[in-house]
Amino acid sequence: MTTLKTVKEPKARKKTATIQIRPVSKERMFESKYGYFTQDGREYVITRPDTPRPWVNVISNGDYGLIETQTGSGFSWRENSNLSRITRWDQDLIRDSWGKYIYVRDRDTGQFWSGTWKPSCPKFDFFEVRHGQGYSILKSRHRDILFEKTIFVDVEEPVEVWKVVVKNETAERRRLSLFTYFDWCLGNWADTHREFHKTFIETSVDRQNGVIFGSKRAPLVPSFISTGMTEKPLEGFHAATPKPVAYDGDKESFLGRYGDPQAPQAVVEGALHNSVGRWGDASASLQVDVDLGPGQSKTVVFTLGSTRSREQAERIIRKYSNPANADRELRKVKALWNSLIQKTTIETPDPAINFMTNVWLKYQAISGRLWARCGYYQSSGGFGYRDQLQDSQIFFFSQPEIARKQILLHAEQQFPDGTVYHWWHPGTSIGAVTDCSDDLLWLVFITLNYLDETGDESILDVKVKFLPDPKTKEVTEGTLYDHCVRAIEKVLSRFSDRGLPLIGECDWNDGLSHVGIRWKGESIWLGHFLYGLLNRFAPVAEGCGEKDRAHKYLKRAEDVKRAVNQYGWDGEWYWRATKDNGDILGSKKCTRGKIFLNAQTWSVICGTATPERAKQAMASTEKYLYKQYGPLLLTPGYDKTDPTIGYITRYAPSVRENGGLYTHAATWAVQAECMMGRGDKAYELCKVFNPILRGLDPDLYYCEPYVTPGNVDGPDSPNFGRGGWTWYTGSAVWYAVVVMNWLLGVRPVRDGLCIDPVLPKEWPGFKMKRVFRNATYVIEVKNPAGTGQGIKKIVVDGKQQASNIILPFQDGRTHKVQVVLG
């Protein structure tokens, strides 16, 4: 049993006169009761620990990743947050009670607390958490000890670094001990059968290097035995500088029998027990003693990582045995993120749009979606075929060569018949073979966008392997162009007698999972999408010497458009789909799901609608779907589970895709409004679901105000306006793309950089620095007449030009562009 020792009450301590507990900050931007943005928007500062939900940072270098919440909770992984998790964690948004913790104990009084709010929940005299790009800084002040933990992931190495600074704010000597604690997982995250999985993990210690190791032995367990799950087992290490005086590798030894992380027995007693081996419940704890003179501060560097060999681990540990290297590597982290977010920037009259577009949307898409592939609300670990393809567009603004690699990576996940994995886990044989009808077309869509951005037609000739043929097991290859053609041809082979594409298990909306499982249901949204792709891909086919194919695609496009308008128009808007039995979704005749957002917005985006129908469809969209906190995905939400529609109907009405704001799709509504020339309406939509502005009412919104949520509850929910599913959402990249390309109207086309803003009339203009095809364009747009659109004059490097398309210079230089609207 855990026993609590009686501790002495300390005498009142004399404080040094020079201590300034809270530095005077610069102007606080968008401040709420829980925090604010710094003036440059690069950090969000949380000023109290009890945020409505965990407000987190997702930090990754593309190989190693971690999540850190404002309470100090979270978890870590290597390569795959699902299959190769380093530390144990349970998704509990209410308690946020699993993490990697540091305790502070006064060796003279026996008093102890956690340096972060969790797990002990001290009543801090001062609390502050700063989330930045690639790092978080967690500060607290308790019992006259200032605690500061800076956590980041090394740019190149598979290791996270906790630089801990403790400062004595009294005029007396303080003798402290720091204790770390976390549970090893070292494999599949779903090791809920801990009594089974713990038998595969062992801990050991290397006193010379001040490190405790945890390793999980290779899986030989067949899948039919208990929880013999697929995993990629790891070896982890946890070290400290100065070297620890003691350690524990067994959870019971640290916590005590029936102990609790809030008050672990080892911390209460002030000593670890040097427990390791194969026979316990594997955890890791290090004890570092720190003595501080009056006003003195000292630094302790903890590392946690996972390597393929002990030699690599020892090299990393030696690297961080010099605390100065922690500062040096943190500078590298900041330099990396500067290179990714500062090449293309905007300056508009709206600082909320500036902060999101310049900093946080890029960071969310890259660190959270592409590199970590993980968030607090969803730990994925794998690649979604359509998901990370779309996310890769974020690199267009900085390093499009990375997007090129992403496109080719996804091409490798295609079968010879053109179908693709819906998602897959790299380095394993795990991949989802589904009858989703749209996944394969996103390879074409993003390839076309890449060609517009770069003009790099050589990518079409790159040879990429197909997945093994399911029947013959033969592995073949084809050019990327061939991969795109096979995707298109596959979709063209799956049409109804009426000339509409079949929806299969679903199209973009996975929740429509049962609409067409017998391959009879039709998709109007897919018709819009395919029409746009065929028109855009036809010139590519012709450029590759296939004029007949180009002609065929243009003809098929017109056939699709004709069928969509003949059968899919409901009088005031386009319906969404038909079921296998012919029933319509998204019609005024429906009692639920009368109108769907994507069926309207994509009719404008792809040009399927006539001008009159585009106007009517968007008017209906505004009337029925535009709500206080953004456009709903459909309305009204389904209130009964319907096996002929799909799992979308399992959600409560107004939750996620079932009648809530689905942020990914909401960004396309902004694009459609821009294409309709309605700048004021487009900007209004941008604002109503901008996380920064929503975050000004945090007890309604709940979510972090610095990243986009996947969804916001709609009007049928008692939590109308509450967000959720942050970080792991495709909305981040699309919010950035739509603002840059359509609202501000600086977008790539095959011939160059098109300038076509659709601004709110009240804006005097904006500025942009845009990297495009090996040149930098410094653009200033003025709106003197208050029209918000219409090009009156464009001057490039002092020369007026007749076209609104700036031909690419590709000279590595900076060019000045002046634009006057009206």
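Any residue at all in the range 616-625 that's more than 23 Å from the chain's Cα centre (by Cα), among the aromatic types (Phe, Trp, Tyr) and open to solvent by 10 Å² or more (accessible area, probe 1.4 Å)? Checked against the condition, which is being more than 23 Å from the chain's Cα centre (by Cα), among the aromatic types (Phe, Trp, Tyr) and open to solvent by 10 Å² or more (accessible area, probe 1.4 Å), the range 616-625 yields at least one hit. Can you find a residue that is surrounded by fewer than 21 Cβ atoms within 10 Å (Cβ to Cβ) and in contact with a His (Cβ under 7 Å, 6 or more places away or on another chain) anywhere in the range 211-220? No, that holds for no residue.
Tell me which strands (runs of 3 or more DSSP E) are completely within the range 65-180 and hold 3 or more residues being farther than 25 Å from residue 214 by Cα, or say none if there are none. Walk me through it before giving the result.
Working: elements: 74-78, 85-87, 101-106, 112-114, 126-132, 135-142, 145-153, 159-168.
The qualifying strands (runs of 3 or more DSSP E) are 126-132, 135-142, 145-153, 159-168.
Of a type outside the set (A, V, I, L, M), free of Cβ contacts under 8 Å to residues at least 40 places away in the same chain and more than 22 Å from residue 360 (Cα to Cα): is that true of residue 752 in this structure? So that I can check it myself, show each step before the final result.
Numbers: of a type outside the set (A, V, I, L, M): yes; free of Cβ contacts under 8 Å to residues at least 40 places away in the same chain: no; more than 22 Å from residue 360 (Cα to Cα): yes.
For residue 752, the condition - of a type outside the set (A, V, I, L, M), free of Cβ contacts under 8 Å to residues at least 40 places away in the same chain and more than 22 Å from residue 360 (Cα to Cα) - is not met.
For the range 502-532, enumerate the residues that are farther than 30 Å from residue 405 by Cα and not small (Gly, Ala, Ser). Hits for the range 502-532 are 502, 512, 514, 515, 517, 518, 519, 520, 522, 524.
Tell me which residues, restricted to the range 56-98, are farther than 23 Å from residue 237 by Cβ and open to solvent by 10 Å² or more (accessible area, probe 1.4 Å).
Keep residues of the range 56-98 that are farther than 23 Å from residue 237 by Cβ, which gives 56, 69-71, 90-97.
If the condition is that a residue be farther than 23 Å from residue 237 by Cβ and open to solvent by 10 Å² or more (accessible area, probe 1.4 Å), then 90, 91, 92, 93, 94, 95, 97 are the ones that fit.
Being touching a strand residue (DSSP E or B) at 6+ places or on another chain (Cβ under 7 Å), open to solvent by 10 Å² or more (accessible area, probe 1.4 Å) and closer than 27 Å to residue 680 by Cβ is a condition met by no residue of the range 596-612.
Could you tell me whether residue 244 is within 31 Å of the chain's Cα centre (by Cα), within 21 Å of residue 110 (Cβ to Cβ) and part of a loop (DSSP other than H, G, I, E, B)? Spell out how you get there, then give the answer.
Details: within 31 Å of the chain's Cα centre (by Cα): no; within 21 Å of residue 110 (Cβ to Cβ): yes; part of a loop (DSSP other than H, G, I, E, B): yes.
So residue 244 fails the test.
Of everything in the range 734-749 that is part of a helix (DSSP H, G or I) and open to solvent by 20 Å² or more (accessible area, probe 1.4 Å), the residue that is farthest from residue 686 (Cα to Cα) is 741.
Here's the yes/no breakdown for (1) open to solvent by 20 Å² or more (accessible area, probe 1.4 Å); (2) part of a loop (DSSP other than H, G, I, E, B); (3) in contact (Cβ under 8 Å) with a residue 24 or more places away in the chain:
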| residue | (1), (2), (3) |
| --- | --- |
| 447 | no, no, yes |
| 450 | no, no, yes |
| 489 | yes, no, yes |
| 497 | yes, yes, no |
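The residues of the range 333-373 that are assigned to a helix (DSSP H, G or I), of a type in the set (Val, Ile, Thr) and touching a Phe, Trp or Tyr at 6+ places or on another chain (Cβ under 7 Å), listed by number, are 333, 341.
Of all residues in the range 550-574, which are among the acidic types (Asp, Glu) and without any contact (Cβ under 8 Å) to a residue 60 or more places away in the chain? Outline the logic, then answer.
Going residue by residue through the range 550-574, those that are among the acidic types (Asp, Glu) are 558-559, 570, 572.
Those that are among the acidic types (Asp, Glu) and without any contact (Cβ under 8 Å) to a residue 60 or more places away in the chain: 558, 570, 572.
Contact map, the range 715-733: first residue under 15 Å from residue 701 (Cβ atoms), second residue of a type in the set (Phe, Trp, Tyr) and open to solvent by 10 Å² or more (accessible area, probe 1.4 Å), Cβ cut-off under 6 Å, separation 6 or more or different chains; pairs are 721/629; 722/702; 723/702; 725/377. Among the residues of the range 511-531, are any aliphatic (A, V, I, L, M), surrounded by fewer than 24 Cβ atoms within 10 Å (Cβ to Cβ) and over 27 Å from residue 592 (Cβ atoms)? So far as the range 511-531 goes, no, none of its residues is aliphatic (A, V, I, L, M), surrounded by fewer than 24 Cβ atoms within 10 Å (Cβ to Cβ) and over 27 Å from residue 592 (Cβ atoms). Scanning the range 525-553 for residues that are farther than 18 Å from residue 447 by Cα and touching a Leu at 6+ places or on another chain (Cβ under 7 Å) turns up just one, 527. Apart from one condition, residue 638 fits all of (1) outside any loop (DSSP other than H, G, I, E, B); (2) closer than 13 Å to residue 594 by Cβ; the exception is (1). Being at pLDDT 95 or above and within 23 Å of residue 398 (Cβ to Cβ) holds for only one residue in 741, 804, 783, 719, and it is 741.
Out of 102, 59, 86, one residue alone is touching a helix residue (DSSP H, G or I) at 6+ places or on another chain (Cβ under 7 Å) and within 28 Å of residue 190 (Cβ to Cβ). It is 59.
The values are calculated or read from the model by the stated rules, or taken from the named source; none is laboratory data. Here the structure is a predicted model, which means the values were calculated and not measured. Please note: Cβ atoms are built from the backbone with ideal geometry, for glycine as well, and neighbour counts cover all protein chains shown. Accessible surface is based on the protein model in full, side chains and every heavy atom, while ligands, DNA and RNA are left aside. Shrake-Rupley method; radii C 1.70, N 1.55, O 1.52, S 1.80 Å.
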